[in-house]
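The values are calculated or read from the model by the stated rules, or taken from the named source; none is laboratory data. A quick note: this is a predicted structure, and the numbers were derived from the prediction, not measured. Cβ sites come from the backbone with ideal geometry, for glycine too, and all protein chains shown count toward neighbours.
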Amino acid sequence: MVGWLGSFGLAVCGLPQAWKAYRTKDSTGITWWMLILWWFGELLTMIYVWLKYGMTGYSLPLVLNYALNLVIVAVIAYYKFYPGGRHPMWWKGRQLKNAIKKQIREESQVEALLILLQAGDEAQDEFLKYHREDSGNVCCMVLDKWKDKLVEQGLMRVGGDFGDNQDFKV
């Protein structure tokens, strides 16, 4: 019983920080060294206990404690890697590539990708939103809108409707 209470106490000590990281979508106040050392400490101790005692009644509270702490560290590390809870860029890039391939004619796909990359997150999110609704015409209108904005900002040389194969400044 004492082992279960101790294990519970140690396991929940990280929960307030994980909850704060989840709620604020940020854990920049925690150092990488703390997260790395905590994670390896929990992992190696769990492996030691598991190998030495197996999954007996005596070691079960400890193994569960270490496993729960590994999950807590993973939640905190996620918001350290991705403040604001944003998905990694490679995931969004894959979504954009697939959406462009489906919604835009082949000869304009490179231009569409360049527009969305230059215009940023807001344009990408808007394009993906209409792609999910399967609104191909609206996707093209989104690209036209953001292309016009890029021309106004001087980030593209020539304006025009989407698909006119206009050049970009590099």
Starting from segment 82-96, keep only residues that are under 23 Å from residue 32 (Cα atoms), then list their pairs with residues that are of a type in the set (Phe, Trp, Tyr) and at pLDDT 75 or above whose Cβ atoms are within a distance under 7 Å, requiring at least 6 positions of separation or different chains. 85/79; 88/82
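Within the group 27, 7, 59, which residue is touching a Lys or Arg at 6+ places or on another chain (Cβ under 6 Å), small (Gly, Ala, Ser) and surrounded by 13 or more Cβ atoms within 10 Å (Cβ to Cβ)? Walk me through how you get there before you give the answer.
Numbers: 7 fails: touching a Lys or Arg at 6+ places or on another chain (Cβ under 6 Å); 59 fails: touching a Lys or Arg at 6+ places or on another chain (Cβ under 6 Å).
Of 27, 7, 59, the one residue that is touching a Lys or Arg at 6+ places or on another chain (Cβ under 6 Å), small (Gly, Ala, Ser) and surrounded by 13 or more Cβ atoms within 10 Å (Cβ to Cβ) is 27.
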Are any residues in segment 122-137 at pLDDT 85 or above and acidic (Asp, Glu), and if so, which ones? 122, 125, 126
Counting only residues that are without any contact (Cβ under 8 Å) to a residue 60 or more places away in the chain and not in a helix (DSSP H, G or I), how many does segment 22-76 have? 12
